Each structure stands twice: as structure tokens, then as C-alpha cells.
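The values are calculated or read from the model by the stated rules, or taken from the named source; none is laboratory data. Not measured: the values here are computed from a predicted model. Cβ placement follows ideal geometry from the backbone for every residue including glycine, while neighbour counts extend to all protein chains displayed. Accessible surface is based on the protein model in full, side chains and every heavy atom, while ligands, DNA and RNA are left aside. Shrake-Rupley method; radii C 1.70, N 1.55, O 1.52, S 1.80 Å.
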Amino acid sequence: MSDTIETVIGRRIWDSRGRPTVEVEIRTVAGASGRAIAPAGASTGSGEALDRRDGGAAFAGLDVRGAVSSVNGEIRDALRGYPVEDQLGVDRALVELDGTGNKARLGGNALIATSMALAHAAAASAGLPLWRHLAATAKPGPLPLPEIQILGGGAHAARRVDVQDFMVIAVGAPDYPTALDWTADVYRAAGLILADAGKLQGVADEGGYWPAFDSNEEALDCLMRAIEASGHAPGDEMAIALDIAASDFGRGGRYTLARDGREIDSDGLSEMLLGWLARYPVVSIEDPLAEDDADAFARFTAAAPPRVQVVGDDLVTTNAARIAHCASLGAGNTALIKPNQIGTLTETWEALETARAKGWGAIVSARSGETEDVTIVHLGVGWGIPQLKVGSFTRSERMAKWNEGLRLAEQVPTGDALPERSAFAWGDS
Ligand code: PGA
Ligand code: ZN
């Protein structure tokens, strides 16, 4: 007989920005349990599931006592007795119980923590690691290729520079541990370069250096020098990835650049970014245009060199319908997959499947507000998602995920292998 849900416990805990967040623990009748924690974005897309926050004076209105009580009340009452392996049924019940289009009533934070906790509980009940349980509906992949932040900007660093994430991808690494080794080299080199130049200001929300630069190009040049100083060949071994997060500084086809306050239009921004793609070994660029600028996003995608993947984050918000729509426009060719943007694992899976059906790539991603939760690493492996984006190579909420990958490398049939180059848009270049 299948194991069933005995109880659902909501708990108020704290995230990496020192803000309250929701943890959910699900216990089964047979004595298994699973636990998961909701992350939180800062540069969120308007199409995302809405977290339930209390408002008021405490913690700048960001407390989650209401969301926790929805777990300990309505959600617990609704889920008691469900078969623990019925992820689809539970996720549907959660969406129906919430009853809003954007999960605002019970809270996207309450729902995603519950949905992920269920997967953990089902895996524990079956005596399986989470990645293996998830692989029941998919072919488990090799370890995903890391996309790791070196410098942080944008909304995560008080808009010192426009671009939110200056990242590296170890495109030439023979395996997952080596990709981390090379990234550690670049991170260290970047720190030395910044300190020497007197430009080191601290770290941004995801742990990347927060440099006192006067332009985006200065940051790109610093990243290039760090790659060169690390001894890994720029482009062939270590490539650059950018998250422009353009929705944070543009609306209605107008973009305001942080340092000089200059306004440019969609074509001006595209031209500037295409110039960077021509001058630097960039293989991935995320949200180059704002979420309300899909036509310009499509023109940019068509104009970008074939070696570059164009990633939609705020544009598609892990939403199957939005991914399908953007694919039909040609806006982007890769979906960022963030489970809390949509609110349940089942809908996250639907977004991933839609991306695949449209011939898009996929990157499973953490948020800027994170915790020790490592569910997304298991999603990456269990669902065969070829890339993983977690922030920088420092701070334990980030390292918990990179380190979990090292543990999973001991369990998966492919060991520490990374996806074939053909799994990426830059595979043929
Ligand atoms: P967020 O940023 O978690 O603050 O939304 C991450 C991203 O834009 O990719
Ligand atoms: Zn993004």
C-alpha cells in the first residue's frame, strides 16, 4: 500500500539576506519525512507567482507569518491523507486551493516549499535520493554545467553597474569537479585584481565581488583579466555569461543606464550588447531586453552570434504558456528554470518540457535570496537539465548547492561527467 501524508508543518526561518522565509516539512504515515525551503528573488519578473508577505512595519513588510499559517492551516487540512507519491495530484490541489492566477492568496512561497517538501518526502518514503525519485519521470542527466557569478551588479549591488551578473562557464572543463576548480581560480584572480586596483567594495547579494567600477565595460575587462590570470584559456576553456536583467532598468522600450543616467532605446541597448558579444568570449546572455520588450528580444536573438545562448528569465518566468509564446516569437532560445517563479514542481516540469519541445535549452536556477536548500541540484540531475546557475563561488547558501553536485557525482551512473557539448547552444561553434 502506498504511503500517505500524515501532516504538513510550516516553519518560519531565515534566508541569506536575513529575511524571513517559509520552510515546510511533510511527514508520512510510514514515518518518512521531507523538508524544503522557499527562496526569494529581488529582481523578479512581473509574471512570477507572488510570495505572501505580511506587510506592515516589521522586517520592511517582508515577514511570512501569514504564509506559514496558510501551511499550518488550509494546506495541512487539504493534503492530509494524499498518497505521498502523487506529486501531480497534490500540486493540482494546491493550485486549486489557492484559487488565484498568481498564487497570491496562500503565497507562492508557501506553495513551492510544500510542493518541494512533498518530493523530498516521497523520495524518503521510497528510500531513494531525491534526484533518483525525480528521474522516475525523466532520464537522469549528467551533472549540470555550472554558470557561476564572479562580479555582481544591478539590483543586487545598489545599481553600481547596470549588468546584474558577470559570470563564467567552464565550457572546456572535462568534468564537474574541474569546472568548480577552474571557477575557484578565476574567482580568486578577480579578487586580487580588484584589491590591487583599489576597486573592491564588498560582495553583492549572490556573493560575487561588488566592484567600484564606473562602467559595465570596466567590469567585463576585469573579468577577462581574471580569466587570463587564472591560466584558463578565455573562450575555449572559460567563457563569459551575462545576466543583463534589463527589466530592472527599462520599460516601454526605454532603458536608463545607471552611471550616466543616459536613456537609450531598445535598439541602442541591443547594439551595445551585440558589441560586447563581438569583443568578449560571451556564450550566454540573459534578459538582454526587458520583459515587456519581446519583439526587440526576438530581434536581438536573431542578431546574436550562433555561439550565444539567449536566456529568458523575467521574460518567461518558468511559465509553460509564456515559454511557448516567446518561442513562437523567436524571443530567446533558452529558459531559466526557477521553481518558485511558478509555484509548484509540476508546473516547473511543464515549463521544462515546453522549453524542450520548442527546441530551447534550459538552465535550472537559484534565487538571489537563498538558503541551505539543495532541491534545485537534484532537479538538475533528476530531470536532466544541462546547466545550473546558483550565484557566486562563496557564501554557504551557494556552496551548499555546488557541493551537493560533488556528492551526486558519486551516485549518478554518469559519475562526474558533464553534458555533451551538443546539449548547449555553443556546442557547434
Ligand atoms: P533574483 O535574481 O533571484 O533576484 O530574481 C536572479 C536572476 O535574475 O537570475
Ligand atoms: Zn535573471
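Below is a table of values for the structure above.
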quantity	calculated
Within region 220-273, strands (runs of 3 or more DSSP E) holding 3 or more residues that are touching a residue at least 24 places away in the same chain (Cβ under 8 Å), of a type in the set (D, E, K, R) and open to solvent by 40 Å² or more (accessible area, probe 1.4 Å)	none
Residues (away from ligand 1 (no atom under 15 Å from the Cβ), within 20 Å of I37 (Cβ to Cβ) and open to solvent by 10 Å² or more (accessible area, probe 1.4 Å)) located in region 351-378	E372, V374, H378
Strands (runs of 3 or more DSSP E) wholly inside region 153-217 containing at least 2 residues that are surrounded by 21 or more Cβ atoms within 10 Å (Cβ to Cβ)	165-169, 209-211
Residue within region 154-168 that is within 16 Å of ligand 2 (Cβ to nearest atom), in contact with a helix residue (DSSP H, G or I) (Cβ under 8 Å, 6 or more places away or on another chain) and of a type in the set (G, A, S) present	yes
Residue in region 312-324 that is surrounded by fewer than 24 Cβ atoms within 10 Å (Cβ to Cβ) and more than 26 Å from L379 (Cα to Cα) present	no
Any hit, region 319-328, residues being within 17 Å of S46 (Cα to Cα) and outside any helix (DSSP H, G or I)	yes
Filtered residues of region 113-144 (kept if part of a loop (DSSP other than H, G, I, E, B) and farther than 30 Å from V64 by Cα)	G127, L128, A138, K139, P140, G141, P142, L143, P144
Condition check for V381: away from ligand 1 (no atom under 16 Å from the Cβ) and open to solvent by less than 30 Å² (accessible area, probe 1.4 Å)	yes
P144 being in the same structural domain as D205 (by TED's automatic domain parsing), touching a residue at least 12 places away in the same chain (Cβ under 8 Å), open to solvent by 10 Å² or more (accessible area, probe 1.4 Å) and not acidic (D, E)	no
Test: residue in region 125-148 that is within 16 Å of ligand 1 (Cβ to nearest atom), out of contact with any strand residue (DSSP E or B) (no Cβ under 6 Å at 6 or more places or on another chain) and on the phi > 0 side of the Ramachandran plot	no
Per-region count, region 217-246, residues among the acidic types (D, E) and within 16 Å of ligand 1 (Cβ to nearest atom)	1
Filtered residue count, region 66-112, keeping only those that are of a type in the set (G, A, S), more than 27 Å from the chain's Cα centre (by Cα) and not in a helix (DSSP H, G or I)	1
Members of region 390-412 found to be open to solvent by 10 Å² or more (accessible area, probe 1.4 Å) and either modelled with pLDDT under 95 or outside any loop (DSSP other than H, G, I, E, B) (or both), listed by number	S396, E397, M399, A400, N403, E404, L406, R407
Any chance A296 is away from ligand 2 (no atom under 16 Å from the Cβ) and touching a Pro at 6+ places or on another chain (Cβ under 7 Å)	no
Residue in region 30-48 that is nearest to A104 (Cα to Cα), counting only those that are within 16 Å of ligand 2 (Cβ to nearest atom) and within 15 Å of the chain's Cα centre (by Cα)	E48
Any hit, region 332-350, residues being modelled with pLDDT of 95 or more, within 29 Å of G235 (Cα to Cα), more than 16 Å from ligand 2 (Cβ to nearest atom) and buried (at least 24 other Cβ atoms within 10 Å of the Cβ)	no
Segments classed as strands (runs of 3 or more DSSP E), wholly inside region 1-58, with at least 3 members that are among the small types (G, A, S)	33-37
